[in-house]
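Comments concern the structure below.
The values are calculated or read from the model by the stated rules, or taken from the named source; none is laboratory data. Computed from a predicted model, the values in this text were never measured in an experiment. Please note: Cβ atoms are built from the backbone with ideal geometry, for glycine as well, and neighbour counts cover all protein chains shown. Note: accessible area is taken over every heavy atom of the protein model, side chains too, but ligands, DNA and RNA are not part of it. Shrake-Rupley method; radii C 1.70, N 1.55, O 1.52, S 1.80 Å.
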Amino acid sequence: MATAHESTTNETSAHSADENYLTASYGLKSWLLTLDHKRIGMMYLMGVMGAFFLGGVFALILRAELFLGTPKTVLFDLNIESLGISMTAADMYNQMFTLHGAVMTFLFIIPSVPAALGNFILPIMIGAKDVAFPRMNLCSFYLWIGGAVCFLLAIVLGGLDTGWTFYAPYSTSTSFGGVFAALCGAFILGFSSIFTGLNFIVTLHTMRPPGMNWFRMPLFLWALYATAIIQLLATPVLGITVMLLAVERVLGIGIFDPQYGGDPVLFQHFFWFYSHPAVYIMIVPAMGVISELISTFSRKHIFGYTFIAYSSLAIAVFGFLVWGHHMFTASSELGAAVFSLLTFSVSIPSAIKVFNWLATMYKGSIDLRTPMLYALSFLALFTIGGLTGLFLGTLATDVHLHDTYFVVAHFHYVMMGGTLVAFLGGIHYWWPKMTGKMYDEKWASIFAVGIFLFFNLTFFPQFIMGSRGMPRRYYNYVEEYQIYHQISTIGAFLLGMSLLGAAIVLLRSLKNGEKAPANPWGSATLEWKCTSPPPHNNFDNPPVVGDPYDMQSVVYDPEIKGFVDRKPDNPNPATS
Amino acid sequence: MTTVATDPQSDHSDHHDHPAFLAHHFENPEQQYDSGKLGIWLFLVTEVLFFSGLFVAYIIYRYFNPEIFIYADDFLDVRLGFLNTIILLFSSLTMAWAVRNAQLNQKLGLIINLSLTLVCAFAFLGVKYVEYSHKFHDGLLPGKHFNPVVHHEGEDGHAADHGAEGSAAANETSEHESSEGIAEHPAEKPIPRNAGIFFSIYFCMTGLHGIHILFGIGFITWLLVRAVRGEFNDQYFGPVDYVGLYWHLVDLIWIYLFPLLYLIG
């Protein structure tokens, strides 16, 4: 079947009215070997959602185990002699939290917005046909698959219980196969991430259309650009670090292993030199999504465009100077004090963004559609996550809060409350463009609210128990923490169900959804000027570049239930 | 990965006057060339950062353990290192020349210069092979495997296996003799604690560099095949240029490795 249709791509020179990238060619091969950024973006989307599901299941297993606490247990001891498997419930717990962290970080959250949404949207936003290097783009996707396979192998080859941070010397002295496979996975995924970033930087530099200078780019692109810089500069350091760790694990070369004269703190420095900037790889593109959502659904020009644009770059730069705050308890006092000071500098550009979003909403005509609900949850949750970060950046309080649930709650507020919520907002926002279908607004917004509420139910108790001393990554706890753990577990399962509900609403729309107009939300960026879903080459004629946030340039047309360009000869049309 | 997408088979349905080498999503050859050039420079940035981890490790261990570096450096053969430096510098010349050939439509010159570069790359690996086998033979291995073989005076076989593993080898002061005639009797000195770390760093740095040479061989072979097919001309020489830049970086890294590893102590 695949071969019968694979030539159609080249032959259909005249676009029929409903020809789009989904129908341009058929067959499995036309997807697996595609160079079309939209199809690669869709494959990435399916991949990262699969990883998210897996990571979510691990999280629920964790929470289920923590519901009862000592001495009862939900997990069971495994002892299958024929397979040589002997694992206590505690071991299994350690593997679950490690895999939850590693899968969510490396396989889901880092590629989520840039590789899935960015891949789809970036070239269309600049009116281009594709990214600069389409084959490298496909290669990046297959590297992602390779990395994912390595992580699955890690489970098979004896599991991984080092935590996602792979700290030496524990990682160099335990579970050989699992650690080695996971390190290979992280190395490969690093290259996947570098290729995506490199592609985006080059595309934005060389393929913008005439008339779109840097300050007429949508802010989502500024965010992706800043992210790509971090990906490019930080990820190679992770590459060499995990490579050295893998060599250390196999050969015992004594770079990180103190047994042979190595320095485990050097590993921590190397690891966080990547992994701190990596949290900005996770959050900055999410901020870009939010800039688009807030402006579109406030029907108002974004406030402080240049401040938001530069703050993305500032975060990218400052992000490289603060890795030491992960090691306050492992580094010199002077170093820790300097890193503590530098850490606060990151809060400035982050706050600039939040204030500009609020100012954009001020006196806007706010439309509480599902993407906007996600944007508002982002504002609330990211602010809580950011402000609690100040406690952790402060040296004196961090010594108390270090490695407690306070840290767990903090980064879940930023990563999940921030990035995941923005990612969901972005999916709902661009869903009509990607699939050509409108989802059920009512149910989608119900689940959006549910996600917000149950997220807080899950993670707010963790701040409380963390500040009271509950350490992270522990399998057991004393009685006094049980109530918080139980609230958290209940919240986690309700949150899981809300997420599942949101996914079902989206998937149902593929079958039952109304056909989407080209511009359902009234946004002025270029991706809404092509049909939904876009044709294979995105635009048959190059679009006219205007101000990406000039909401007055489009007007609602009730006939197609979408927005159309305002005609110059129709100066005062009725707006809805 | 260091090349631009120049897939002539990809969809160019509604395009006219596109030369065969121009990918469908680019407007004109200049845009394609500029994209490739920026892409390769960015890739080289990632390469520098990739190696930077090893350079940082080098700095830290040398700062804290200068005695290991002074001791272990004597085991390296400066002459072989120097020979390899010359080989790589010469190959950079031929590579740069090849780029010029491509720009000037000189097909024969391009083929000759690419071939010369390739020969140099293999020669480099050949010398490296000789060096590595000496080290393996003499037990000059990284980390816990460090176990220098001692040749007693008058014997040329490898007699007594002195020096235990890694840290256990500390403070050995017995009458060791140089395993390589050229070195100035390094083994006569006491073996510092954890001396294997030097060889960890040595093998990681030169090994990673060697892997880059291998990739370079792959790329240059690919260029050579395309050059023989006559695919490059004054309009389209991007891939030669990009691989050239990569090759110069690999050369440049060696220029740092040579003094840092061979010329200390």
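The residue that is farthest from the other protein chains (Cβ to nearest Cβ), counting only those in the range A:233-276 that are assigned to a loop (DSSP other than H, G, I, E, B) and touching a Gly at 6+ places or on another chain (Cβ under 6 Å), is A:Phe256. Taken as a whole, the structure leaves A:Leu117 outside the set of residues that are in contact with a helix residue (DSSP H, G or I) (Cβ under 8 Å, 6 or more places away or on another chain), more than 14 Å from chain B (Cβ to nearest Cβ) and open to solvent by 10 Å² or more (accessible area, probe 1.4 Å).
Residues of the range A:57-82 that are without any contact (Cβ under 8 Å) to a residue 12 or more places away in the chain, of a type outside the set (Ser, Thr, Tyr), in a helix (DSSP H, G or I) and farther than 15 Å from A:Tyr475 by Cβ: A:Val57, A:Glu81.
Among the residues of the range A:44-57, those that are of a type in the set (A, V, I, L, M, F, W, C) and open to solvent by less than 20 Å² (accessible area, probe 1.4 Å) comprise A:Leu45, A:Val48, A:Ala51. Screening the candidates A:Asn537, A:Asn519, A:Asn541 for the property of being more than 23 Å from the chain's Cα centre (by Cα), within 14 Å of chain B (Cβ to nearest Cβ), in a loop (DSSP other than H, G, I, E, B) and crowded, with 20+ Cβ neighbours inside 10 Å yields one hit, A:Asn537. Quick check on my filter: what residues within the range A:498-510 are open to solvent by 90 Å² or more (accessible area, probe 1.4 Å) and in contact (Cβ under 8 Å) with a residue 40 or more places away in the chain? Answer for the range A:498-510, where residues must be open to solvent by 90 Å² or more (accessible area, probe 1.4 Å) and in contact (Cβ under 8 Å) with a residue 40 or more places away in the chain: just A:Arg508. Could you check A:Leu376 against (1) under 20 Å from A:Ser275 (Cβ atoms); (2) open to solvent by 40 Å² or more (accessible area, probe 1.4 Å); (3) hydrophobic (A, V, I, L, M, F, W, C) and say which number it fails? Just one mismatch for A:Leu376, condition (1). If you go through the range A:319-375 and keep only what is modelled with pLDDT of 90 or more, over 30 Å from A:Ala448 (Cβ atoms) and not in a helix (DSSP H, G or I), you end up with just A:Val322.
Can we say B:Ile59 is part of a helix (DSSP H, G or I), within 14 Å of chain A (Cβ to nearest Cβ) and open to solvent by 50 Å² or more (accessible area, probe 1.4 Å)? So B:Ile59 passes the test.
Residue-by-condition table, conditions (1) open to solvent by 70 Å² or more (accessible area, probe 1.4 Å); (2) under 23 Å from the mean Cα position of the chain (by Cα):
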residue: A:Arg468; (1), (2): yes, no
residue: A:Glu479; (1), (2): yes, no
residue: A:Gly496; (1), (2): no, yes
residue: A:Gly513; (1), (2): no, no
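A quick yes/no check of all residues on (1) free of Cβ contacts under 8 Å to residues at least 40 places away in the same chain; (2) under 20 Å from the mean Cα position of the chain (by Cα); (3) more than 26 Å from A:Met217 (Cβ to Cβ):
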| site | (1), (2), (3) |
| --- | --- |
| A:Leu107 | no, yes, yes |
| A:Val113 | no, yes, no |
| A:Asn119 | no, yes, no |
| A:Arg135 | no, no, no |
| A:Ser140 | no, yes, no |
| A:Leu152 | yes, no, yes |
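In the range A:292-305, is there at least one residue being without any contact (Cβ under 8 Å) to a residue 60 or more places away in the chain and open to solvent by 10 Å² or more (accessible area, probe 1.4 Å)? Yes, the range A:292-305 has at least one match.
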